[in-house]
Amino acid sequence: MKKVLLSAVALLAFGFANAQEEKANEGFAKGDVFVSGAVTLGSAKTGDFKANAFEIAPKVGYFVTENVAVGASLGFQSLKWDNGAADATNSGFGLGAFGRYYFTPASKFSLFAQLGLDYTTLSDEFDETDGTLYGSKFESKEVGFGLGAGMNYFVSSNFSIEAGVAVLGYSSNDNGGDGADKTNTFSFGGDWRAVTFGVNYKF
């Protein structure tokens, strides 16, 4: 009986120690790496109209200090549609860099501020079945930066839920260049209807 009790106590102690260790590992520390991103596929069809979409956007961050993380992102997206009389392909490729300041990184819950810079190339190809616009192509480049705010909440020692909202943003699109007027866009204020959510994995 004593052996059974001792075994039960040892098992409980081991479980408690593991739980405490996992809890202690929640949060971020200097040298930690986290990854996130998106992979999506989609399609739609109505009558003669059909469309297919694809996106992949990995992101990685590294804590250079206890509070500061820097990172980079890649992105590629493609949308193809056909309505029977015409078809088009819209695609984009982007590179990004960001820096974050976490206020309580070692905690289960932490707020952060983020500054990001992005460069994107956009391409639109359009064809008509009668050949009037066969091979028509338009390309443009866009540079933008943004200031945002967000939070991380650890649900385990490795996984955290992240939510973010844009606060300040500016972008400039060359509209194809060759003397074309640029489109400059400025935005300020958090739109709480456009909060982004994601999951991070910490190494």
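In table form, for the structure just shown:
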item	result
Enumeration of residues in the stretch 61-83 that are over 13 Å from G99 (Cβ atoms) and exposed (fewer than 15 other Cβ atoms within 10 Å of the Cβ)	E66, L74, F76, N83
Subset of the stretch 175-194 [within 24 Å of the chain's Cα centre (by Cα) and at pLDDT 85 or above]	N184, T185, F186, S187, F188
Residue within the stretch 180-200 that is over 25 Å from G61 (Cα atoms) and in contact with a Phe, Trp or Tyr (Cβ under 6 Å, 6 or more places away or on another chain) present	yes
Residue selected from the stretch 145-159 under the condition surrounded by 14 or more Cβ atoms within 10 Å (Cβ to Cβ), more than 14 Å from the chain's Cα centre (by Cα) and of a type in the set (S, T, N, Q), by the criterion farthest from K108 (Cα to Cα)	N158
Residue check, G135 at pLDDT below 95 and not hydrophobic (A, V, I, L, M, F, W, C)	yes
Leading residue by the ranking (nearest to the chain's Cα centre (by Cα)) among those in the stretch 87-120 that are of a type in the set (A, V, I, L, M, F, W, C) and crowded, with 16+ Cβ neighbours inside 10 Å	F98
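The values are calculated or read from the model by the stated rules, or taken from the named source; none is laboratory data. All values derive from a computational prediction rather than experimental measurement. Neighbour counts are summed over all protein chains in view; Cβ atoms, including those assigned to glycine, are modelled from backbone coordinates with ideal geometry.
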